[in-house]
Amino acid sequence: MPITSLRLRDFRCFESLSCPLAPGETLFTGDNAQGKTSILEAVCVLLRLQSPRTLAGRELVRFGAPGFGIAGSVNGRELTHTHTLAGTERRLLIDGEASTRPGDYLAASGLVVWMGNNDLELVSGSGEPRRRFLDFLGSQLFPEYRPALRAYEKALKQRNFLLKRDASPAWAEIDAYTAVLVPYGETLLRLRAALLEKLAPHATAAHTAIRMADGGAPASEALSLTFHPGGDSSQLSAQLLARRADEARRRVTLHGPHRDDFLIALDAMPAASFASEGQQRTIALALKLAQATLLREARGQAPVLLLDDIFGELDPGRRNALLAALPADSQKLITTTHLHWLEAHERPAARYHVVKGSVTPE
Amino acid sequence: MIPAVGYPDEIRALIAQLKRLPGVGPRSAERIALWLLRSRQTPSTDLATALNQAQAEIELCPVCGFFASRTAGCTLCGNSDRDVTQLCVVEQATDVLPLERTGAFRGHYHALHGRLSPLDNIGPEDLRIDTLMQRLREGFITEVILATGSDVEGEATANYLAGALGASFPGLTVTRLAQGLPAGGGLDSADDLTLLRALSGRRRLAAH
């Protein structure tokens with residue numbers, strides 16, 4: 001059982017919160033802007049040390065408080081994550097013992113799939129949300145992914161800054177960073193290619209399953225994912241060298257995983273431009289379900305599904321199809337503004353009502 | 001109404017000074033100040049003397065960048081037993097200490113007092129690279145060991161130095177600290193990048 005209890009202190013709008021979570025489904029209901037999403041966000045930060053909503057830890061701290069704390073029982077162990085604003089100090093504890101390496105903490109923690117309203121961006125948006133999708137998955141699948149990504153981003157930032165800084169680029173300094181950037185970049189390119197190869201069949205299968213449940217014909221609309229790498233995973237150094245004149249002109253790093261993307265197509269037609277919004281939502285959902293399947297397959301552990309208000313946009317038929325399509329053995333934390341359509345289900349779910357940063361069992 | 005009484009100004013000044021020290025909060029500052037005063041004579045005057053002496057005596061060695069005494073000189077540069085052909089380049093003066101603890105290095109050191117980080121506005125001209133070049137021009141040094149950190153900025157600094165040294169001193173041997181498996185660890189505990197580096201930095205074993 002992944003996460004059985006959650007405690008918060010000064011996190012977002014919650015001064016303090018303590019609530020047990022059901023092994024199956026836990027529902028959080030309430031009006032908008034009451035703190036429902038923040039509860040899911042807290043679970044995500046506790047388990048994966050990153051928020052799907054923001055990159056800045058300070059935004060997670062309740063206004064006026066010196067820092068936040070999140071704790072919970074995860075896979076039978078007590079995990080604690082505290083963050084102090086002064087000096088942005090993070091402390092991680094496993095069963096009361098300090099864990100100095102985030103890698104160890106993440107290994108002891110659970111897996112997460114986040115499904116939210118803006119998942120549509122995965123299909124319709126720029127490459128950025130798709131890269132973040134790969135990063136979120138990759139960090140949970142490969143232990144070396146996160147350190148490589150962090151180091152790559154840091155080196156890239158310094159390199160791009162140097163390219164922009166001087167009237168004529170200082171190549172001696174720039175190449176000092178190129179040499180650091182290349183091995184991390186090649187590692188990322190290789191891992192992302194492997195990731196997409198594993199993910200694609202699961203996405204196609206999940207897509208077909210949702211469409212079947214929705215009454216679609218199985219033969220039509222095959223989903224395919226094609227990786228478009230931003231560089232060669234064994235030739236990145238040579239590629240950058242060949243583009244030196246272009247880099248001097250455009251003043252930005254022209255090859256590398258920061259330019260990765262993957263093409264989503266329905267029957268070989270790009271989904272971003274040719275699919276309807278309904279079709280795009282189904283694809284986004286299939287991508288997230290594929291993520292869950294892949295995590296379970298690769299790590300032997302069902303991920304926690306965090307479903308943030310994804311039912312609002314769907315008609316009752318699709319809602320039920322979606323609920324049926326979710327992996328049965330995963331723990332699910334769900335936020336929604338309305339319950340009435342769920343009543344017919346009579347699922348054994350723990351229910352909480354969220355009002356202005358306080359939570360009461362229903 | 002009688003005004004509430006606080007500490008006398010002298011104690012408040014002492015607490016304020018202590019509070020400025022790294023890692024000391026207002027509560028600790030108060031506790032330390034009171035302890036120093038209560039124990040009278042010895043500890044507080046000893047502290048004051050030690051502080052004054054250190055302040056007056058210690059400087060950074062203009063040659064190697066390590067801590068040196070104004071009267072006794074630099075213990076590293078002044079030691080004639082050390083190997084003058086080897087020079088180990090580190091980021092900070094304090095980085096000398098862990099290397100010295102290994103007891104395996106008998107050459108000289110050069111602290112850069114920082115590392116390259118364009119975003120923090122630290123370029124080559126902000127590091128002690130000129131003095132490094134000057135030492136190399138004296139001609140005694142045959143090997144430079146780059147012992148900057150293995151994070152992004154540390155690696156970039158090492159790369160930059162390797163390029164600059166190679167261009168100015170073609171005959172010089174420039175080496176980098178090896179990276180690889182942690183001592184006492186198995187292969188399965190190392191990540192890909194560490195293994196990759198361990199593999200590319202492999203060494204030949206003597207045949208028996």
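The values are calculated or read from the model by the stated rules, or taken from the named source; none is laboratory data. None of these values were measured; they are calculated from a predicted model. FYI the Cβ positions are ideal-geometry reconstructions off the backbone, even for glycines, and counts take in every protein chain you see. Ligands, DNA and RNA are excluded from the accessible area calculation, which covers all protein heavy atoms including side chains. Shrake-Rupley method; radii C 1.70, N 1.55, O 1.52, S 1.80 Å.
Odds and ends about this structure:
- Flag for A:ALA167 being free of Cβ contacts under 8 Å to residues at least 12 places away in the same chain and in a loop (DSSP other than H, G, I, E, B): yes
- Taking the listed residues A:GLY300, A:GLY278, the one that is within 30 Å of A:ALA108 (Cβ to Cβ) and open to solvent by 20 Å² or more (accessible area, probe 1.4 Å) is A:GLY300, with no other qualifying.
- Residue among A:ALA205, A:ALA170 that alone is away from chain B (no Cβ under 14 Å), small (Gly, Ala, Ser) and either over 23 Å from A:GLN50 (Cβ atoms) or out of contact with any helix residue (DSSP H, G or I) (no Cβ under 8 Å at 6 or more places or on another chain) (or both): A:ALA205
- Selection of segment A:137-149 for residues being part of a helix (DSSP H, G or I) and either surrounded by fewer than 24 Cβ atoms within 10 Å (Cβ to Cβ) or within 10 Å of chain B (Cβ to nearest Cβ) (or both) yields A:GLY138, A:SER139, A:LEU141, A:TYR145, A:ARG146, A:PRO147, A:ALA148, A:LEU149.
- Residue check, A:ARG192 buried (at least 17 other Cβ atoms within 10 Å of the Cβ), closer than 24 Å to A:ALA275 by Cβ and within 14 Å of chain B (Cβ to nearest Cβ): yes
- Members of segment B:128-166 found to be free of Cβ contacts under 8 Å to residues at least 60 places away in the same chain, in a loop (DSSP other than H, G, I, E, B) and either crowded, with 21+ Cβ neighbours inside 10 Å or away from chain A (no Cβ under 12 Å) (or both), listed by number: B:GLU138, B:GLY139, B:PHE140, B:ILE141, B:THR142, B:ALA147, B:THR148
- Pair list, Cβ < 6 Å and 6+ apart or interchain, from segment A:269-283 residues that are outside any helix (DSSP H, G or I) to residues that are surrounded by 12 or more Cβ atoms within 10 Å (Cβ to Cβ): A:ALA275/A:LEU266
Table: residues versus (1) surrounded by fewer than 17 Cβ atoms within 10 Å (Cβ to Cβ); (2) touching a residue at least 12 places away in the same chain (Cβ under 8 Å); (3) in a loop (DSSP other than H, G, I, E, B); (4) within 12 Å of another protein chain (Cβ to nearest Cβ).
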| position | (1), (2), (3), (4) |
| --- | --- |
| A:GLY103 | yes, yes, no, yes |
| A:VAL113 | no, yes, no, no |
| A:VAL123 | no, yes, no, no |
| A:ASP135 | no, yes, no, no |
| A:ALA151 | no, yes, no, yes |
| A:LYS154 | no, no, no, yes |
| A:TYR184 | no, yes, no, yes |
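- Qualifying residue in segment A:63-80 (condition: farther than 16 Å from A:PRO2 by Cβ and of a type in the set (D, E, K, R)): no
- Among residues of segment B:94-126, those that are within 14 Å of chain A (Cβ to nearest Cβ), of a type in the set (Lys, Arg) and either surrounded by fewer than 14 Cβ atoms within 10 Å (Cβ to Cβ) or part of a helix (DSSP H, G or I) (or both), counted: 0
- Subset tally (residues that are within 14 Å of another protein chain (Cβ to nearest Cβ) and open to solvent by 100 Å² or more (accessible area, probe 1.4 Å)) for segment B:197-206: 1
- Selection from segment A:233-257 of residues that are free of Cβ contacts under 8 Å to residues at least 60 places away in the same chain, among the hydrophobic types (A, V, I, L, M, F, W, C) and part of a helix (DSSP H, G or I): A:LEU236, A:ALA238, A:LEU241, A:ALA242, A:ALA245
- Residue check for A:ALA33: in contact with a strand residue (DSSP E or B) (Cβ under 9 Å, 6 or more places away or on another chain) and among the aliphatic types (A, V, I, L, M): no
- Looking across segment B:167-187 at every residue that is assigned to a helix (DSSP H, G or I) and more than 11 Å from every other protein chain (Cβ to nearest Cβ), the one that is modelled with the highest pLDDT is identified as B:SER168.
- Criterion: farther than 14 Å from A:VAL304 by Cα and in contact with a helix residue (DSSP H, G or I) (Cβ under 9 Å, 6 or more places away or on another chain) - qualifying residue of A:ARG12, A:ARG62, A:ARG48: A:ARG12
- Taking residues in segment B:65-87 that are touching a residue at least 24 places away in the same chain (Cβ under 8 Å), and partners anywhere that are open to solvent by 50 Å² or more (accessible area, probe 1.4 Å) and not acidic (Asp, Glu), the pairs with Cβ atoms closer than 6 Å and at least 6 places apart or on different chains are B:GLY65/B:HIS113; B:PHE67/B:ILE58; B:CYS77/B:VAL63; B:ARG82/B:ARG106; B:ASP83/B:ARG106; B:VAL84/B:PHE140; B:THR85/B:THR142.
- When segment A:180-193 is filtered for residues that are over 18 Å from the mean Cα position of the chain (by Cα) and hydrophobic (A, V, I, L, M, F, W, C), the ones remaining, listed by number, are A:VAL180, A:LEU181, A:VAL182, A:LEU189.
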